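Asks: Before we start, here is the structure in question, set down as structure tokens.
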Amino acid sequence: LGIDGPVALGAAANVFAGMIEAALLIRPTLATMSRSDLFVVMTVGLTTLAGTMLVLYSTILASVIPNAAGHLVVASLISAPAAIVLARIMVPNTDALSAPTDANAELEGRYDSAMDALVKGTADGLKLLLSIIATLIVFVALVELINQILGLLPGGEVPLTLQRLLGWFLAPLAW
């Protein structure tokens, strides 16, 4: 398909690992990738199914669809090359200044040993998890703050909330 090593590794990892984990796998090369290569990695990440979601969907669908996990794995595998082709069509690698990402290029040594890699990888994963949890807490708190402010307005029997406002505005779209 005309892709180089880090892009191919990121695309292959996206099929089972998921978009964030695959990007972390090729993290040292992300800074040197061309716009087209980054678009390929992101597109493949959005078209494939992460391993956690695969297990969740196959568990939910197991009673309805026999061999649901097999269907989902095949769908994810088929989506990866299709995403690469469409990404290259949408953002071709025609920039004269961007050379393909060299898979054999010397990257700065981030780890001193296997134990150092394990510890730093665990720390990076924990930072990512804590960032997600903190963001969710802040969003829930902001929605509650907005609801408390809107609750001060006279609203009749049912108090005015952000959920009700969004329901009113988006009902025609849902219809």
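Asks: From the C-alpha gyration tensor of the chain, pull out the three semi-axes of the equivalent ellipsoid (sqrt of 5λ each), sorted largest to smallest, in whole Å. Mind dumping the intermediate values first?
Replies: On the way: eigenvalues 295, 109, 82 Å².
In descending order, the three semi-axes are 38, 23, 20 Å.
Asks: While we're looking at this one, here's another question. Provide the FRET efficiency to the nearest 0.05 for the residue 89-residue 53 pair, computing r from the beta carbons and using R0 = 22 Å. Each step should come with its number before you reach the end.
Replies: Details: r = 27 Å, r/R0 = 1.21.
Given R0 = 22 Å and the Cβ-Cβ separation, E is 0.25.
Asks: Carbon-plus-sulfur fraction of the accessible area of the stretch 1-99, 1.4 Å probe, in percent?
Replies: Details: 4150 of 5620 Å².
Roughly 74 percent of what the probe reaches on the stretch 1-99 is carbon or sulfur.
Asks: Shifting gears a bit: Could you give the nm distance between label points at residue 60 and residue 124, where each point is 7 Å from its Cα heading toward the beta carbon?
Replies: Label-label distance for residue 60 and residue 124, simple model: 3.0 nm.
Asks: Suppose all protein chains stay in the model; what accessible area per residue would a 1.4 Å probe give for the stretch 46-89, in Å²?
Replies: Numbers: 2700 Å² over 44 residues.
Heavy-atom SASA per residue in the stretch 46-89 reads 61 Å².
Asks: Residue 17's amide H: which non-local residues (gap 5+, or another chain) put their own amide H closer than 5 Å, with H modeled 1.01 Å from N in plane and none for Pro or chain starts?
Replies: The list, which skips near neighbours in sequence, is 51.
Asks: Residue-wise, which Karplus ³J(HN,Hα) couplings in Hz belong to the stretch 42-59, taking 6.51 cos²θ - 1.76 cosθ + 1.60, θ = phi - 60°, and x for glycine or proline?
Replies: 5, 5, 4, x, 7, 9, 9, 10, 5, x, 5, 5, 4, 5, 4, 5, 5, 5
Asks: In whole Hz and in residue order, list the ³J(HN,Hα) couplings for the stretch 8-18 that follow from phi through the Karplus curve 6.51 cos²θ - 1.76 cosθ + 1.60, θ = phi - 60°; x for Gly and Pro.
Replies: 5, 5, x, 5, 5, 5, 4, 4, 10, 7, x
Asks: Just subtract the alpha-carbon distance of residue 173 and residue 141 from 0.36 nm times their residue separation and send over the number in nm, one decimal.
Replies: Working: separation 32, 0.36 × 32 = 11.52 nm, distance 2.68 nm.
Result for the pair: 8.8 nm of gain on full extension.
The values are calculated or read from the model by the stated rules, or taken from the named source; none is laboratory data. All figures in this text were calculated on a predicted structure; none of them were measured in a lab. Glycine also receives a Cβ, built like all others from the backbone with ideal geometry; neighbour counts cover every protein chain displayed. Accessible surface is based on the protein model in full, side chains and every heavy atom, while ligands, DNA and RNA are left aside. Shrake-Rupley method; radii C 1.70, N 1.55, O 1.52, S 1.80 Å.
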